[in-house]
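Some notes on the structure that comes next.
The values are calculated or read from the model by the stated rules, or taken from the named source; none is laboratory data. Since the model is a prediction, treat every value here as computed from it, not as a measurement. Neighbour counts run over all protein chains shown; Cβ positions are idealised from the backbone, glycine included. Protein only, heavy atoms only, side chains kept; ligands, DNA and RNA dropped before computing areas. Shrake-Rupley method; radii C 1.70, N 1.55, O 1.52, S 1.80 Å.
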Amino acid sequence: MRCGSSTDGQQDTETILFQQYQEDQDSLLPLCTKKNAKPSEQPSIKNIPLFLSPLKLTYHVDKILFEEVTYTEVQKALSSLSSNIAAGTSQINYTMLKWAWPHVGNEITMLIHQCLANRYHPLQWRRVIAIALKKPNKPDYTQSRAYCLITLLEYMGKLLEKVVACRLTYLTGRYNLISDSQFRDRANSSTSDAILTFVHDTHNSWNYGLATSVLIFDIKDYFDFVNHEHLLNEMKKRCIPLELVK
């Protein structure tokens, strides 16, 4: 992936900000680590920095170019797909694609590339078979909530979506396109990182004699009801190639 480089002025500004941040942290460190500091030695609340986690500077991205889909890229995406998922309407499953890959791998790669380059998602790959399964121990099976839907998608569609997902994950990490406070669906990030960050911020608050409050939201079916137009606009603002957006 390639992007427009930062200007010298922007780089100088980032360097100055980072140096100022380090100086501020060094001056606050003795007060943070001193257990029995006198009230007069404690910093006032208004002087406490809004964030105490390490500063991570973001890239100034002017443009991210779309790169040609490679053979290795599609092969890795295929190997990462589950082999236990049922096939879609065409009955082409994982075993068939894996068996055919040494013979038609280049053709499949070209097909995936042309779909992205032309911003086209074949209708056949988007068709879904929905199977309703009964949930156990439900009192009334005349209610729709007593059933769960299992959707069967085309494997070629899954392969295309996997390639796009891998590219978005790479771009997100490479160019810091989302906040550092988001941990899910980011490369080299997990629940452990979220817990360690929370513990770190909590301890820093305690060092200043402050209380820590946590507000937790559990948003059900968030992805199903997300505003697609707003999501696409946010992706465009972050210079994600239109081939991956449309």
Where does each of Leu111, Leu116 land when they are ordered by accessible area, with a 1.4 Å probe and the largest first? Leu111, Leu116
Extension reserve of the Arg145-Val199 stretch, reckoned as 0.36 nm per residue once the Cα distance is removed: 15.5 nm
About its Cα centre, how strong a charge dipole does segment 107-164 have in debye, to the nearest 20, once Lys and Arg get +1 and Asp and Glu get -1 at the Cβ? 280
Note down the nm distance, to one decimal, between modelled labels 7 Å out along Cα→Cβ at Phe217 and at Ala132. 3.3
Label 7 Å along Cα→Cβ of Gln124; segment 144-178 residues with amide nitrogen under 15 Å? 154-160
Rounded to the nearest 10 Å², what accessible area does Ser90 show when all protein chains are kept and the probe is 1.4 Å? 50
How do the peptides 119-127, 134-142 rank, highest first, by the average count of neighbouring beta carbon atoms within 10 Å per residue? 119-127, 134-142
Could you tell me the accessible area of Leu196 in Å² (1.4 Å probe, neighbours in place), rounded to the nearest ten? 120
Where N is the number of residues in segment 118-246, Cα Rg divided by 2.2 N^0.38 Å: 1.47
For Glu234, what accessible surface area do you get with a 1.4 Å probe? Give it in Å², rounded to 10. 50
Which of Lys98/Lys158; Lys76/Lys158; Lys162/Lys220; Lys98/Lys162; Lys63/Lys236 exceed 20 Å between C-alpha atoms? The answer is Lys162/Lys220
Could you calculate the FRET efficiency of Leu81 with His230 from 1/(1 + (r/R0)^6), where r is the beta carbon distance between them and R0 is 22 Å, rounded to 0.05? 0.15
Using only Cα atoms, what Kirkwood radius does segment 174-246 have, in angstroms? 15.4
Where labels lie 7 Å past Cα in the beta-carbon direction, separation of Ser189 and Ala117 in nm: 3.2
